1. Would you pick out the residues in the range 202-211 that are assigned to a strand (DSSP E or B) and either surrounded by 12 or more Cβ atoms within 10 Å (Cβ to Cβ) or in contact with a helix residue (DSSP H, G or I) (Cβ under 8 Å, 6 or more places away or on another chain) (or both)?
2. Within the range 212-247, track down each residue that is without any contact (Cβ under 8 Å) to a residue 40 or more places away in the chain and either surrounded by fewer than 16 Cβ atoms within 10 Å (Cβ to Cβ) or within 18 Å of the chain's Cα centre (by Cα) (or both).
3. State whether one or more residues within the range 145-157 are β-branched (Val, Ile, Thr) and within 30 Å of Lys246 (Cα to Cα).
4. Could you give me the residue pairs with C-beta distances under 8 Å whose first residue belongs to the range 141-166 and is farther than 22 Å from Ala182 by Cα and without any contact (Cβ under 8 Å) to a residue 40 or more places away in the chain, whose second residue is buried (at least 17 other Cβ atoms within 10 Å of the Cβ) and among the aromatic types (Phe, Trp, Tyr) wherever it lies, and which are 6+ apart or on separate chains?
5. If I filter the range 176-194 down to residues being among the hydrophobic types (A, V, I, L, M, F, W, C) and over 14 Å from Asp85 (Cα atoms), which single residue comes out as modelled with the highest pLDDT?
6. Look through the range 168-198, keep the residues that are over 21 Å from Met119 (Cβ atoms) and without any contact (Cβ under 8 Å) to a residue 40 or more places away in the chain, and return whichever of them is surrounded by the most Cβ atoms within 10 Å (Cβ to Cβ).
7. For the range 51-95, how many residues are under 14 Å from the mean Cα position of the chain (by Cα) and over 19 Å from Asp113 (Cβ atoms)?
8. Can you tell me how many residues within the range 130-144 are under 13 Å from the mean Cα position of the chain (by Cα) and either outside any strand (DSSP E or B) or under 19 Å from Met247 (Cβ atoms) (or both)?
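The values are calculated or read from the model by the stated rules, or taken from the named source; none is laboratory data. From a predicted model like this one, the values you see are computed outputs, not experimental measurements. Glycine also receives a Cβ, built like all others from the backbone with ideal geometry; neighbour counts cover every protein chain displayed.
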Amino acid sequence: MAGRNEGKVAIVTGGGSGIGRAAALALLRDGWRVALAGRREDALQETAKLSGAGERALPVSTDITDPAQVERLFQQAVKAWGRVDLLFNNAGMGLAAAPLEDIAIADWKRVVDTNLNGMFYGIQQAFRVMKAQDPMGGRIINNGSISAHAPRPHSIAYTATKHAVTGLTKTASLDGRRYNIAVGQIDIGNALTDLAARMAKGVPQANGEIAVEPLMDVDIVGQSLLYMANLPLEANVLFHTVMATKMPFVGRG
C-alpha cells in the first residue's frame, strides 16, 4: 500500500541487508520510490520482494567504492523517476577486532575506501543531482554509528572512518544550504542485524571484560530514518542517536 509520500524518490545504499534493508522497507511502505544499491543483486531483489512495492523498488547492483558506479546509480534513479529526494548513505564495513599494530594496510585501505570514500561519492552525486533538479534540493542522511562518538576496543579503522563521516555530515550540511539540501546523520547503537548478532554472545568492553550487550529491533531504525526523511526541507535533524536503551555507551567501563 502506498503511503503519503507516493512519488518521492530515495536511494538507499547497502539496501540488501541489515539497517539498509530496514530503512528501505520503511520508506517503501510509506509510499516512497526506492533505488536499492548494493553489491549483491540477489539480496537487493529479496528486499524488493519483501516490500511488496512492485515497480517502486529498483534494485541497482553497485560497488560504492567505484565513483563511476555511484554516478550510474543516480543516473538510473533519475531515468526511472525524474529526480532524487533522499540519499540514505548507509553502506559500510568493518574488520574483525584486532590490535591496530597487526592490521594489514590493504585492510585499512579497504575500510577507508568503503566507509569514507564511498560515502563521499554518494554525497557528491547527490549534490550534483539535487542542485540541478526542479524543484531544487533534497535530503542526505549519513549512517554514522555510535562509533562516530566512541570506539570499541581494537576497532581503529571502523571508528576512524565513522568519526570522519561526522566531518562529511557537518561540511555537507553547511555547503548544502544554498541548494536547499538538508544533510543529517543517524548514529545507531546495537540494532539486531547479522553484523551485530555477536553482541548477544558477549563482546570485549573497555575494561577488558567480555559482556553481553542489549540489542533493539532493527525496524526501530527504519522508523527513525523515516522520521528524518519525512521532515520538510526547512527542518533538519543534524544528528540523531537511536540505540538499545541499556547498551554500554554512556558511562564508564
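1. First pass over the range 202-211, keeping only residues assigned to a strand (DSSP E or B): 203-204, 210-211.
Hits for the range 202-211 are Val203, Pro204, Ala211.
2. Kept after step one, since they are without any contact (Cβ under 8 Å) to a residue 40 or more places away in the chain, are these residues of the range 212-247: 212-217, 220, 224, 227, 232, 234, 245-246.
Val212, Pro214, Met216, Asp217, Ile220, Ser224, Tyr227, Pro232, Glu234, Thr245, Lys246 - these are the residues of the range 212-247 that are without any contact (Cβ under 8 Å) to a residue 40 or more places away in the chain and either surrounded by fewer than 16 Cβ atoms within 10 Å (Cβ to Cβ) or within 18 Å of the chain's Cα centre (by Cα) (or both).
3. From the range 145-157, those β-branched (Val, Ile, Thr) are 146, 156; that's our starting set.
This time we only want the ones that are within 30 Å of Lys246 (Cα to Cα), so: 146, 156.
Yes - at least one qualifying residue is present in the range 145-157.
4. Pairs that qualify, where the first residue is farther than 22 Å from Ala182 by Cα and without any contact (Cβ under 8 Å) to a residue 40 or more places away in the chain and the partner is buried (at least 17 other Cβ atoms within 10 Å of the Cβ) and among the aromatic types (Phe, Trp, Tyr), are Ser147/Tyr158.
5. In the first step, residues of the range 176-194 are kept if they are among the hydrophobic types (A, V, I, L, M, F, W, C); the result is 181-183, 186, 188, 191-192.
Within this subset, residues satisfying the condition of being over 14 Å from Asp85 (Cα atoms) are 186, 188, 191-192.
Values: Ile186: 98, Ile188: 93, Ala191: 86, Leu192: 80.
By that ranking, first place goes to Ile186.
6. This residue is Leu192.
7. Counting residues in the range 51-95 that are under 14 Å from the mean Cα position of the chain (by Cα) and over 19 Å from Asp113 (Cβ atoms) gives 2.
8. Qualifying residue count, the range 130-144: 2.
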